[in-house]
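Chemist: The structure's right below; bear with me while I get my questions together.
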Amino acid sequence: MNQQAYKKTYKPLILWLLFFLAASTLMPMGINRIMQEHLKMTWGAGAEVKMILMFMVLAIDGLMWMIYAGEYVYWINGGPSFEEAKAAGSEKRKAYAEAHLKVFLKMTLLCCIYLAISLLFRFPMGIDIVAITAAVVGAAIKTMPIRFD
């Protein structure tokens, strides 16, 4: 990205937040309607929670991809300020964002594997929530040593 074209903006973040809010609110209703009307089946709250948890994990990946694609590294807590990011150049911003993205993509893979096992063995909803939350928090902690310098 051209140094001159690199501008501070939070519009994509606001759009992501609005999408996330709308999708996480409407998704359970949509899933239930599709399951009941088109597939003529119902499913328990546990399966619905698993779908919502997976959506949330994928939404975090989407946010990290947005940071990578737009080089919005100043959105990352503990990351550079906008001025530092602009001065560093595109290559450094991309590398920093990519390091974060890779951690979260690995976390998503682990969450997918866990949720598949959870569906197979019908783990309780509470365990799913704790496991996925722990995975997200663990990924966030794993990114803390990543430095922009």
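The values are calculated or read from the model by the stated rules, or taken from the named source; none is laboratory data. Just so it is clear, the structure is predicted and the values come from calculations on it, not from any experiment. Quick reminder, even Gly has a Cβ in these numbers, built from the backbone with ideal geometry, and neighbours come from all protein chains shown.
Chemist: If I filter region 26-39 for residues that are in a loop (DSSP other than H, G, I, E, B) and exposed (fewer than 12 other Cβ atoms within 10 Å of the Cβ), do I get at least one hit?
Modeler: yes
Chemist: For region 1-24, how many residues meet the condition of being at pLDDT below 90 and loosely packed, with under 10 Cβ neighbours inside 10 Å?
Modeler: Residues meeting the conditions: 3.
Chemist: Quick one: which residue in ALA134, ALA99, ALA139, ALA116 is assigned to a helix (DSSP H, G or I) and in contact with a Phe, Trp or Tyr (Cβ under 8 Å, 6 or more places away or on another chain)?
Modeler: Being assigned to a helix (DSSP H, G or I) and in contact with a Phe, Trp or Tyr (Cβ under 8 Å, 6 or more places away or on another chain) holds for just one of ALA134, ALA99, ALA139, ALA116, which is ALA139.
Chemist: Something else now. Among the candidates ARG93, ARG122, single out the residue that is touching a residue at least 40 places away in the same chain (Cβ under 8 Å) and either within 19 Å of the chain's Cα centre (by Cα) or surrounded by 15 or more Cβ atoms within 10 Å (Cβ to Cβ) (or both).
Modeler: Of the residues listed, the single one that is touching a residue at least 40 places away in the same chain (Cβ under 8 Å) and either within 19 Å of the chain's Cα centre (by Cα) or surrounded by 15 or more Cβ atoms within 10 Å (Cβ to Cβ) (or both) is ARG93.
Chemist: Answer yes if at least one residue in region 101-118 is under 15 Å from MET54 (Cα atoms) and in contact (Cβ under 8 Å) with a residue 60 or more places away in the chain, and no otherwise.
Modeler: Yes, region 101-118 contains at least one residue that is under 15 Å from MET54 (Cα atoms) and in contact (Cβ under 8 Å) with a residue 60 or more places away in the chain.
Chemist: Scanning region 48-84 for residues that are small (Gly, Ala, Ser) and surrounded by fewer than 18 Cβ atoms within 10 Å (Cβ to Cβ), which turns out farthest from THR108 (Cα to Cα)? Don't jump to the end; show me each part of the working.
Modeler: Filtering region 48-84 for residues small (Gly, Ala, Ser) gives 59, 62, 69-70, 78-79, 81.
Imposing the further condition that a residue be surrounded by fewer than 18 Cβ atoms within 10 Å (Cβ to Cβ) reduces the set to 59, 62, 69-70, 78, 81.
Values: ALA59: 10, GLY62: 11, ALA69: 19, GLY70: 21, GLY78: 22, SER81: 28 Å.
Residue satisfying both the conditions and the ranking: SER81.
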